[in-house]
Amino acid sequence: MPLPLLVNFIGGAEGPWRVTSQKAVAGPDLSTVPFVRVVEGRVLARPPAGWALQGVTSNERYVERGERVALSNRQEPLGRPDATCAALIPITKSPAWWDLTQDDRRAILETRSRHIAIGLEYLPAIARRLHHGRDIRAEFDFVTWFEFPPEATEEFEDLVGRLRATEEWSYVEREVDIRLARQ
């Protein structure tokens with residue numbers, strides 16, 4: 001497994017990703033910005049106007065071996081030339097989620113909500129990377145980054161709709177959905 005990678009998502013006045021929409025799905029929204037930059041591997045100060053979200057890549061906490069193999073075999077890399085659409089979705093889960101044991105969270109996440117199985121259905125068109133914020137006491141527990149070609153936009157809408165309808169999402173207390181297009 002590669003070492004954890006610190007990733008900064010900088011919302012501000014410039015960047016390669018233009019914000020096409022932003023909405024608070026649960027809890028408070030972030031301030032509205034026109035652009036987002038993704039900076040890997042270094043800590044950046046908060047921009048003078050906008051926001052900075054941070055997370056780190058980490059070990060796969062809820063994935064079993066067979067699921068890991070399936071994900072690895074189907075997952076496309078980030079940064080594909082045709083993937084000019086993106087979604088940045090930071091999420092915070094409730095204290096009730098974190099009070100559960102690892103086994104109980106796995107049961108909700110996959111056995112009952114089928115989070116991993118649902119995600120697999122949308123690969124390879126939709127690439128994704130999960131960043132853990134809770135580990136570094138960031139503003140959000142998770143910051144998820146998705147990239148996909150424009151023709152996969154309906155598939156992405158279906159994916160997030162299905163995930164938000166699961167038991168797992170009853171534990172989400174804050175979620176912001178930011179859609180982007182590469183400049």
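Read-outs: derived from the displayed coordinates by stated rules, not from any lab. Computed from a predicted model, the values in this text were never measured in an experiment. As a convention, Cβ positions derive from the backbone with ideal geometry for all residues, glycine included, and neighbour counts pool all protein chains shown.
When +1 charges are put on Lys and Arg Cβ atoms and -1 charges on Asp and Glu Cβ atoms, the dipole computed for segment 1-155 relative to its Cα centre reaches about 340 debye.
Peptides 86-97, 67-78, ordered by how many other C-beta atoms sit within 10 Å of their residues on average, highest first, read 86-97, 67-78. The alpha carbon gyration tensor of segment 40-121 gives principal lengths a ≥ b ≥ c with a/c of 1.5 or higher and a/b no greater than b/c, which makes the shape oblate.
Using 0.36 nm per residue of separation minus the Cα-Cα distance, give me the extension gain between THR20 and ASP82 in nm, one decimal. If you can, show how the numbers build up before the last one.
Working: separation 62, 0.36 × 62 = 22.32 nm, distance 1.75 nm.
Net length gain for the segment: 20.6 nm.
Pick out, from THR92, PRO4, GLY79, the residue whose Cα sits farthest towards the positive end of the charge dipole of the chain, with +1 on the Cβ of Lys and Arg and -1 on the Cβ of Asp and Glu. Highest projection toward the positive end goes to PRO4.
Tell me the mean residue ellipticity at 222 nm calculated for the chain from its helices only (DSSP H runs of n ≥ 4, each -39500 (n - 2.57), averaged over every residue, nearest 500).
Numbers: 5 runs with 39 residues, N = 183.
The helix contribution divided over the chain gives -5500 deg cm²/dmol.
Projecting each Cα onto the charge dipole of the chain (Lys/Arg +1, Asp/Glu -1 at the beta carbon, about the Cα centre), which of PRO150, GLN54, LEU163 comes out farthest on the positive side? After comparing all options, I get GLN54.
In the list (1) 0.98; (2) 1.13; (3) 0.93, the label attached to Rg/Rh (Cα atoms, Kirkwood Rh) as derived from the coordinates here is (3). Contact order, relative form, for segment 6-182: 35 percent (alpha carbon pairs under 8 Å, 6 or more residues apart, mean separation divided by residue count). Database remark: amide H of VAL25 closer than 5 angstrom to the amide H of GLU175, VAL176, ASP177 (H placed geometrically; neighbours at sequence offset of 5 or more, or on other chains; Pro and chain starts carry no H).
Each of ALA181 and ARG164 was given a label point 7 Å from its Cα along the Cα-to-Cβ line. The distance between the two points is 2.1 nm.
Using a Förster radius of 41 Å, what is the FRET efficiency between GLU121 and SER31 based on their Cβ-Cβ separation? Nearest 0.05, please. Step by step, r from the Cβ atoms, then E = 0.75.
Evaluating 6.51 cos²θ - 1.76 cosθ + 1.60 at θ = phi - 60° for every residue in segment 170-183, the Karplus couplings come out as 5, 9, 7, 10, 8, 8, 10, 10, 10, 9, 9, 10, 5, 5 Hz, glycine and proline recorded as x.
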